[in-house]
Each structure stands twice: as C-alpha cells, then as structure tokens.
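These notes are about the structure you will find just below.
The values are calculated or read from the model by the stated rules, or taken from the named source; none is laboratory data. Every value quoted in this text rests on a predicted model; they were computed, and no experiment measured them. Ideal geometry is used to build each Cβ from the backbone, glycine not excepted, and the neighbour counts take in all protein chains shown. Just the protein is used for accessible areas: all its heavy atoms, side chains included, with ligands, DNA and RNA removed. Shrake-Rupley method; radii C 1.70, N 1.55, O 1.52, S 1.80 Å.
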Amino acid sequence: MLTLAAVMLIVGTPVAHASLEDVVRDDLELARERLAATAAAVPPDRYPAWTGSGGKWTTTGPKAWTSGFFPGTLWLAHGVTGDAAV
C-alpha cells in the first residue's frame, strides 16, 4: 500500500499549498481512474505492455515476463481504495 502511494506522490503534480494528505489522495484517485480505464480497454485475456503515440495499448499474453505487473498494480490499488473495479 505504501509503495503505491509513494510512487504516485513522486510522479504526481502537487497543488501549491496542498497538504501531503491531499496530494496523496488526489494522486491515488488519478491512479485509480487510469487503472480502471486501462482495465476497460484491454481484453481480459491480455495484459497491457506499453502504449504507442496514439495512446493505444500494446498487449502481451500471460506468458510474457511483464504480465504480472498490471494485475499486481490492480491488486495494490484495490487494497488502498477498496474499489472492486481496480
């Protein structure tokens, strides 16, 4: 849980004079929204690997070495947010 929050804190854009709690909450919400959008865009038997310049996901199968990253991120996000969609 803490790792996801720390990553989002680093890559997020803090609002001037916002508290750390507000920044983390906003970053986690952005992560939740993007993960849910990705889950909706990728077929259930495929795993997102990277996006092209147009934003379309290139996917891999379950045997690719990166196939566990996305499900793991969904699992961590669910643990933080409790949202069943992620």
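Among the residues making up region 59-86, a single one is in contact with a His (Cβ under 8 Å, 6 or more places away or on another chain) and open to solvent by less than 70 Å² (accessible area, probe 1.4 Å): V86.
Residue by residue, here is whether (1) modelled with pLDDT of 95 or more; (2) touching a helix residue (DSSP H, G or I) at 6+ places or on another chain (Cβ under 9 Å) holds:
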position	(1), (2)
L28	no, yes
R32	no, yes
R46	yes, no
G55	no, no
G61	yes, no
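Among the residues of region 1-13 satisfying the criterion of being under 25 Å from G55 (Cβ atoms) and part of a loop (DSSP other than H, G, I, E, B), which is modelled with the highest pLDDT? Within region 1-13, the match that is modelled with the highest pLDDT is G12. Among the residues making up region 59-73, a single one is under 17 Å from V86 (Cβ atoms) and of a type in the set (S, T, N, Q): T73. Consider region 21-58 and keep the residues that are among the polar types (S, T, N, Q) and under 24 Å from T81 (Cβ atoms). The one that is most open to solvent (accessible area, probe 1.4 Å) is T51.
Beta carbons closer than 7 Å, at least 6 apart along the sequence or on distinct chains, pair a first residue in region 46-62 that is within 17 Å of R34 (Cβ to Cβ) and β-branched (V, I, T) with a second that is part of a loop (DSSP other than H, G, I, E, B) and open to solvent by less than 50 Å² (accessible area, probe 1.4 Å) for T58/G52; T59/V42.
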